[in-house]
C-alpha cells in the first residue's frame, strides 16, 4: 500500500502472507501466526492477550482490511473481493451454525475475531468505528475506485469479472453527479470517461458546484480472472 519494493516483491510478499494468515476454513484473516505464548520474545502489549485473540494471533480487522486493500492495489480483483467476503460480518451469520459460532451482531464490524479453539470464528469487540471506517474506504475507494483529490473525482474500480458495472450518485455540495461505470470488452483496452457527453482526456471528473445534474459514463476494461 505504501509502494515499497518492486512489483514482483510486493506480489511475493502478499502471496507468502496469504498462505500464512488467510484461513478460509474458519473465514478469518489472522494478523500473525503463531501467537506469542510459547516464545520468550516479548513483542509488547499484544502478548497480554490470550493466544488467538485480537492482535495476538487473532483476526485484527484493521489489518485484514488493509490486506484486501493491498490486493486491490496490485490489481488482484479476485483475492481483494474474496477477503472482503471473509471480513463482511453478514457472511458470519448466513446459517444457524454461523450465528452460534460468531455470537455477535452481524450488522456491525467487529474489531477482532478469535482464531483458537474452542472459540474459532467468534466475534470480539463490536461497534468498532475504526474498522468500520476502513471497511467503508475499502469498498468505496479500493474496490469501487472513487478517489477525491480536492475538486477532482477519479474513478478507478477493481471489480469482479462477472460485474457489468454499477451506478453511484455523488453529491458535491449542492450538485449531483450521476456516475455509471460499465465493464466492456470493446475499445482499446483503456479506461474512458465522459461528463455530459464530453470526453475527459485526463479521466477525472472536475467537480463544479453549479446546482445542476451531471451525467458521467466511465468505461473500464472487463476484469480478467487472476
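The values are calculated or read from the model by the stated rules, or taken from the named source; none is laboratory data. Keep in mind that this is a model prediction, so the values were computed, not measured. Backbone-built Cβ (ideal geometry, glycine too); neighbour counts: all protein chains shown.
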Go through region 94-110 residue by residue and tally those that are touching a helix residue (DSSP H, G or I) at 6+ places or on another chain (Cβ under 7 Å) and closer than 19 Å to residue 22 by Cα.
-> 4
Restricted to region 157-177 and to residues being touching a residue at least 60 places away in the same chain (Cβ under 8 Å) and in contact with a strand residue (DSSP E or B) (Cβ under 7 Å, 6 or more places away or on another chain), the residue surrounded by the fewest Cβ atoms within 10 Å (Cβ to Cβ) is 163
Can you tell me which residue within region 128-140, out of those that are touching a residue at least 60 places away in the same chain (Cβ under 8 Å) and in contact with a strand residue (DSSP E or B) (Cβ under 9 Å, 6 or more places away or on another chain), is farthest from residue 23 (Cα to Cα)?
-> 128
Which of the residues spanning region 81-119 are more than 25 Å from residue 35 (Cα to Cα) and either in contact (Cβ under 8 Å) with a residue 24 or more places away in the chain or outside the structural domain of residue 26 (by TED's automatic domain parsing) (or both)?
-> 81, 91, 108
By residue number, the members of region 70-84 that are part of a helix (DSSP H, G or I) and surrounded by fewer than 21 Cβ atoms within 10 Å (Cβ to Cβ) are 70, 73, 78, 79, 81, 82
Going by the structure shown, is residue 125 touching a strand residue (DSSP E or B) at 6+ places or on another chain (Cβ under 7 Å), surrounded by 13 or more Cβ atoms within 10 Å (Cβ to Cβ), assigned by TED's automatic domain parsing to the domain that holds residue 202 and not in a strand (DSSP E or B)?
-> no
Return the residue satisfying two criteria in turn: it lies in region 55-80 and is touching a residue at least 60 places away in the same chain (Cβ under 8 Å) and in contact with a strand residue (DSSP E or B) (Cβ under 7 Å, 6 or more places away or on another chain), and of such residues it is nearest to residue 134 (Cα to Cα).
-> 61
Could you please give the count of residues in region 1-28 that are in contact (Cβ under 8 Å) with a residue 60 or more places away in the chain and surrounded by 10 or more Cβ atoms within 10 Å (Cβ to Cβ)?
-> 10
